[in-house]
Amino acid sequence: MVRDIARETHQLLAALLKYPVPSDKADKTSQSRKKFNFFQSEADVVADVWEHTGLSEGKRHPLTFVMEACDDIAYCVLDLEDAAKKGLISFNDVVAWLNHVGGRDSEHPDEMVTLVCDQAAAHEKKHRTFDLSGAELGDISMQMLRVDTIGLMVNAVTKAFVAYANQILAGSFDDKLLKVSAANVLWKALKDFAKKHVYSHRSVLEVELQGHRTM
């Protein structure tokens, strides 16, 4: 029982090391090394984790790629829903942007972006038949956009993991699962929208600056 707990602890710690390098070995040209995850004071603990998992400096645990993809999906989708709830953006803003950069209105339509936009339009059309206020229509439309988008991105990441499984297990894969998946264009479009219309919004910057002053 104790051995099982120890093994699971080593595996958990290894999976949480998104950037398995010390503070003096960061390398921005490598996805797994572009930041550091531990200081020299923690080097012995990390060495113990690597010894018991067969990993080494710069070599990620396979589940780390899954954790990273979950973070990426959450940030690019949920941040937009939160921004819509706060009135910084609207459902129509997001769909118009997606159509412009990767949907039917773009020069090179992307299959997944087009699907998201088509599903969003269909949901909104359906919800317009309900007795909803403008705010309620926007909320439920944004919720369905979030559900559909996350579902498609999770499926795309799953397929990417399977496709690159041999490289991941061998420790030679050094990229983001979303980037090599069919959801890459959709992911980038959502990130770019958030960067331009959410993270740079005056109210967001004011809170960020206040946080810096407090810290």
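Descriptive notes on the structure:
- Residue selected from the stretch 47-89 under the condition hydroxyl-bearing (S, T, Y) and under 21 Å from the mean Cα position of the chain (by Cα), by the criterion farthest from A194 (Cα to Cα): T64
- Extreme residue, surrounded by the fewest Cβ atoms within 10 Å (Cβ to Cβ), among residues of the stretch 168-215 that are within 14 Å of I89 (Cβ to Cβ) and at pLDDT below 90: R202
- Pick from the stretch 126-181, criterion acidic (D, E) and within 18 Å of the chain's Cα centre (by Cα), ranking: farthest from V66 (Cα to Cα): D148
- Taking the criterion of being of a type in the set (S, T, N, Q) and outside any helix (DSSP H, G or I), the residues of the stretch 30-66 that qualify are S30, Q31, S32, N37, S56.
- Looking at A43, A15, A83, just one residue is assigned by TED's automatic domain parsing to the domain that holds L190 and small (G, A, S), and that residue is A83.
The values are calculated or read from the model by the stated rules, or taken from the named source; none is laboratory data. If you're wondering where the values come from, they're calculated on a predicted model, not measured in any experiment. All Cβ positions, even for glycine, are placed from backbone atoms using ideal geometry, and neighbour counts span all protein chains on display.
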